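The values are calculated or read from the model by the stated rules, or taken from the named source; none is laboratory data. Here the structure is a predicted model, which is why all the values come from computation and not from measurement. Here the Cβ is made from the backbone with ideal geometry for all residues, glycine too, and neighbour counts use every protein chain on show.
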Amino acid sequence: MNKKIIFALLPLVIFAALLLLLYINMGKHSEQLPSPLIGKPIPVFQLPTLYSQRTLSNEDFKGQVWLLNVFGSWCPSCRIEHPVLTQFAQSTDIPVIGLNWKDEFDDANRWLKQFGNPYDEILVDLDGDVAIDMGVYGAPENFIIDADGIIRYKLVGVLTTEIIKTEIIPLIEKLRL
Amino acid sequence: MLAAIGQFNLIIALMLSLLLAIIPMVGYARNNTALMHTGRPLAYALFLAVLSSFLILITLFIQQDFSVTYVWQHSSLELPLRYRITATWGAHEGSILMWITIQALWIAAVARFSGALNLNQLSRVLSILGLISVGFIAFILFTSNPFERTFPAPLDGRDLNPLLQDFGMIVHPPLLYFGYVGLSVAFALSVAALIGGKIDEHWIRWSKKWTNMAWAFLTMGIILGSWWAYYELGWGGWWFWDPVENASFLPWLAGTALIHVQAVSERKNAFRGWTVLLAITAFSLSVLGTFLVRSGSITSVHSFAADPTRGLFILGLLALFAGGALILFALRADKLRSTEAVNFNSKETLLLANSLIFIVATFTVLLGTIFPMIFEAIGQKISVGAPYFGLMFFLIMIPMALLLPLAGQVHWQKDVFTVACRSLWPYASLSIIMTALVWWSVDHINVRGIVCILGAFWVFTATTGHFLKNKKTAGFIGMTIAHWGVAFFLFGMAMVEHTDTEKDVLLKPGQNIHLNGYDFEFKGVQWVNKENYRAQQGQVLVSKNNQVITTLKPQKRHYPKQQNPMTEASIYPGFTKDIYVSLGEQINNQGAWAVRIYIKPFIRWMWFGGILMLLGAVVGLFSARIKRLEQRQINQMMKEELNLL
């Protein structure tokens, strides 16, 4: 008898849990509820760069507004985002920094060779530790960090020309004042 | 004007689907034949209303009516006619309208081809399907109206995403939707049966046909999606475990489990509850897939239009459909108790094992897809990528490939496993020898690849041997073809995953490169003008032993409304390998380019395998045994009606 009840109720319980999860998560990702990291300092990091053979830390970027773009050659959406980011990087004078997330050098290099390299500098996060500190959910993600090293903006997902025009450029203007 | 009519038709359709959801069900509850007879005409009327609305949207695209927001956003004056038509379902609003149209088509088809069901049963099924339609039509009217207007009308549109200006994208979404929506028929049957409190083999036999058909469409849709990603996204991958791809794969996996369990439950009174549960799961996963794509919960290549309100609405629909069905299931599960015992040593056990393997696979993929969400909900971060899926899937599919030939060999009811295993020995030895040959002749293949290839040979030889020895009915032929498909798929996947060659080279015009026995001569890049874009077109002469095989022309396409170029690969398809060339970027002013050359062995075998699977499902529809049983059922119903008179 017990077995029967389990068979009857188990699917319902699993489904209810799933539904709850989806509901909670949807709130998290809607634009009304910003990421908890916004307004907080960018996590401390020290990472090698992809090409220039330097090691950069969060301190190195202080004193300027900059954009951090999390990408990987394995990420289909980054491919979609790439032209928009390239155009933005060409038109802006703030540094556009890439965070190459969980990517082998050969793959990242090939990807950048094929589609072009829009970044002023690329940080390599092979293990994904820094991405975890940053609360990265999935590539691509974009952060805007101000001159004091405070995260001012986070976008989960693909950058569009519309978002750049209506959100990113006004924000950069504001942060510079 | 036309747009207003389109919208009006949708409102009519909402009314009709409401009536369809209520009247036949009330008729069933009150045992009122007149009310129950309204089901069929309502279903046909619903189809006409939705279809006309869909045709109107297509017409708006053809006429370039930019006063309609949706048309303005996804079309432009330069867009060629064929892409203007397909732009109709190129984005969210239109694709939901297409979903509804296909749903209405399935409902009309159910109303038309339901001879084997009696009026009681048919009314319940149609009402459930009507209820599903109500949900989706309300969704489109309240959150995603494709007929919304812009004033004043812009002079030109924003153009269709160039990635979608392609044949693969024209046919991929409709087929996928046919599959998704088709599963709603099996779902509706299960729910209707739960309401009636009784599920017999007629039900299951009847729903099996529809499941097979839906599954075939889903298979085709997934193959086309994979094929499109392969040549259009420009870096030669064919499956990315992207959340949205997973979303289409989940119902397919659950559907596969369902088809195999139906084979048991249509024959004897066993696993009935399990069949019902799988049917509910399969369709719920289709709706979940839509949610994942549209809610913005997960970022992916497909989420062109994500919106939290829409997400919430679909989540509500999911809660209503799947939640309702599962509550009903919990209440009625004890009535579905199996009356016939199942022997452990029988085909039945192995088919049950199949469904368990596929359900485990379903939940593995589901967990991988939503795992980041679970962790996020408790405040931690994690990412799950292709390596997880690849390994887990590999492990789960080993028992599948191992047991498949045995399930073919073992008889229904009662058999002895050891005898069946003994008769499989020749095939096992043969496949080991063949695998050894492959290992010996192909360089750099790893253990995982070899295991897949062994699985492919094992499934192929045993299926073929079994086929040759037995009486060939349509059902049996269909099954054999589908299982051959499994073998072809495994082989192609193992080869392409583990033995492909990728090379990035810098080439000046006139320069040569040698790769895997082929010579590639780069002839330089020229500008060409095409229909609605200009392109830098490279020329690469491919030859083998000084014999020219083909000239490949990869392009960098420049669309007027897009800032950056699109990479269009050029592919020389072949039976045993594809040669794939795409342009990187221009390196200097002397015409040197970064060029990417791939050799993808046996990649087509994978898709061919998928096509065999779907053919198998289609051939299975012509089963004479099922027809005979159905005819008997119809005759019996006629007799009963005559007796009543």
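Key figures
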| item | result |
| --- | --- |
| Selection from segment B:328-351 of residues that are in a helix (DSSP H, G or I) and within 14 Å of chain A (Cβ to nearest Cβ) | B:LEU328, B:PHE329, B:ALA330, B:LEU331, B:ARG332, B:ALA333, B:ASP334, B:LYS335, B:LEU336 |
| Number of the exception - B:SER284 against (1) within 14 Å of chain A (Cβ to nearest Cβ); (2) under 21 Å from B:LEU621 (Cα atoms); (3) of a type in the set (Gly, Ala, Ser) | (2) |
| Pairs, first more than 30 Å from B:ASN212 (Cα to Cα) in segment B:585-612, second polar (S, T, N, Q) and part of a loop (DSSP other than H, G, I, E, B), C-beta under 7 Å, six or more apart | B:ILE599/B:ASN516; B:PRO601/B:THR576 |
| Test: residue in segment B:233-243 that is buried (at least 22 other Cβ atoms within 10 Å of the Cβ), touching a residue at least 24 places away in the same chain (Cβ under 8 Å) and part of a helix (DSSP H, G or I) | yes |
| B:LEU175 vs. criteria touching a Leu at 6+ places or on another chain (Cβ under 8 Å), on the phi < 0 side of the Ramachandran plot and surrounded by fewer than 22 Cβ atoms within 10 Å (Cβ to Cβ) | yes |
| Answer residue from segment B:347-393, given it is at pLDDT below 90 and aromatic (Phe, Trp, Tyr) and is surrounded by the most Cβ atoms within 10 Å (Cβ to Cβ) among those | B:PHE389 |
| When residues of segment B:531-559 are limited to those that are surrounded by 18 or more Cβ atoms within 10 Å (Cβ to Cβ) and aliphatic (A, V, I, L, M), the one farthest from B:LEU507 (Cα to Cα) | B:ALA535 |
| The listed residue being within 28 Å of B:PRO154 (Cα to Cα) and in the same structural domain as B:LEU117 (by TED's automatic domain parsing), out of B:LEU79, B:LEU19, B:LEU42 | B:LEU79 |
| Filtered residues of segment A:89-107 (kept if in contact with a Pro (Cβ under 9 Å, 6 or more places away or on another chain) and more than 10 Å from chain B (Cβ to nearest Cβ)) | A:ALA89, A:VAL96, A:GLY98 |
| Failed item, numbered, when A:VAL70 is tested on (1) in a loop (DSSP other than H, G, I, E, B); (2) modelled with pLDDT of 85 or more; (3) β-branched (Val, Ile, Thr) | (1) |
| Residue among B:ASP200, B:ASP159 that alone is at negative phi and more than 18 Å from the chain's Cα centre (by Cα) | B:ASP200 |
| Any hit, segment B:133-144, residues being under 27 Å from the mean Cα position of the chain (by Cα), outside the structural domain of B:ARG30 (by TED's automatic domain parsing) and either assigned to a loop (DSSP other than H, G, I, E, B) or farther than 28 Å from B:LEU312 by Cβ (or both) | no |
| Test: B:GLN511 is surrounded by 15 or more Cβ atoms within 10 Å (Cβ to Cβ), modelled with pLDDT under 90 and under 30 Å from B:GLU585 (Cα atoms) | yes |
| Flag if A:ASN100 is modelled with pLDDT of 85 or more and crowded, with 21+ Cβ neighbours inside 10 Å | yes |
| Residue in segment B:342-354 that is aromatic (Phe, Trp, Tyr) and within 22 Å of B:ASP200 (Cβ to Cβ) present | no |
| Qualifying residue in segment A:47-55 (condition: at pLDDT 80 or above and either outside the structural domain of A:ASN117 (by TED's automatic domain parsing) or part of a helix (DSSP H, G or I) (or both)) | no |
| Qualifying positions in segment B:63-83 - assigned to a helix (DSSP H, G or I) and surrounded by 14 or more Cβ atoms within 10 Å (Cβ to Cβ) | B:THR69, B:TYR70, B:VAL71, B:TRP72, B:GLN73, B:HIS74, B:TYR83 |
| Pairs with Cβ under 6 Å, 6+ apart, first in segment B:139-166 and at pLDDT 80 or above, second exposed (fewer than 15 other Cβ atoms within 10 Å of the Cβ) and part of a helix (DSSP H, G or I) | B:THR143/B:THR309 |
| Qualifying residue in segment B:41-55 (condition: in contact with a Pro (Cβ under 9 Å, 6 or more places away or on another chain) and modelled with pLDDT under 95) | no |
| Test for B:THR38: is it of a type in the set (Ser, Thr, Tyr), touching a helix residue (DSSP H, G or I) at 6+ places or on another chain (Cβ under 7 Å) and at pLDDT below 95 | yes |
| Within segment B:544-645, strands (runs of 3 or more DSSP E) holding 2 or more residues that are in contact with a strand residue (DSSP E or B) (Cβ under 7 Å, 6 or more places away or on another chain) and within 14 Å of chain A (Cβ to nearest Cβ) | B:555-558, B:566-568, B:577-586, B:593-601 |
